[in-house]
1. Please work out if residue 20 is touching a strand residue (DSSP E or B) at 6+ places or on another chain (Cβ under 8 Å), of a type in the set (A, V, I, L, M, F, W, C) and in a helix (DSSP H, G or I).
2. Which condition does residue 42 not pass, out of (1) in contact with a helix residue (DSSP H, G or I) (Cβ under 6 Å, 6 or more places away or on another chain); (2) without any contact (Cβ under 8 Å) to a residue 24 or more places away in the chain; (3) surrounded by fewer than 18 Cβ atoms within 10 Å (Cβ to Cβ), if it passes all the others?
3. With respect to residue 60, is the statement that it is at pLDDT below 90 and exposed (fewer than 15 other Cβ atoms within 10 Å of the Cβ) true?
4. Do we have residue 22 as among the charged types (D, E, K, R) and at pLDDT below 90 here?
5. Identify, from the list 33, 14, the residue that is basic (Lys, Arg), surrounded by 11 or more Cβ atoms within 10 Å (Cβ to Cβ) and within 14 Å of the chain's Cα centre (by Cα).
6. With the checklist (1) touching a Phe, Trp or Tyr at 6+ places or on another chain (Cβ under 8 Å); (2) at pLDDT 90 or above in hand, flag the one item residue 1 doesn't pass.
Amino acid sequence: MCEVFNTNKNENGKMDKETFLRVVKEELPYFEKAAAQNNCDIFSNVDLDNDGFVDFEEFAKMVCCCACASNVDMEEACINMRRNKTDDL
């Protein structure tokens, strides 16, 4: 994701809203879809200092949150699969 940020940042080392939303749609489509379903304004939640841009630190925090959420989802899926196997017996 560092490369994704670096190739999309502007001359000030940040992403504007349009660029950020395009990157999220292209690189994290599941996250973008989930945010839309929950009527969540991704950009406002990631732009922590409200400067109208996403810097690397804000971007990295978002990526970490996505990874943690994905890990929790995977753990839940594994638990459900185990339950289903036990129920079938």
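The values are calculated or read from the model by the stated rules, or taken from the named source; none is laboratory data. Computed from a predicted model, the values in this text were never measured in an experiment. Positions of Cβ are generated from backbone atoms using ideal geometry, with glycine treated the same way; all protein chains shown enter the neighbour counts.
1. Considered against the rule, which asks whether it is touching a strand residue (DSSP E or B) at 6+ places or on another chain (Cβ under 8 Å), of a type in the set (A, V, I, L, M, F, W, C) and in a helix (DSSP H, G or I), residue 20 comes out as yes.
2. Among (1) in contact with a helix residue (DSSP H, G or I) (Cβ under 6 Å, 6 or more places away or on another chain); (2) without any contact (Cβ under 8 Å) to a residue 24 or more places away in the chain; (3) surrounded by fewer than 18 Cβ atoms within 10 Å (Cβ to Cβ), residue 42 violates only (3).
3. No: the conditions fail for residue 60.
4. no
5. Unique residue meeting the criteria: 33.
6. With respect to (1) touching a Phe, Trp or Tyr at 6+ places or on another chain (Cβ under 8 Å); (2) at pLDDT 90 or above, residue 1 is out only on (2).
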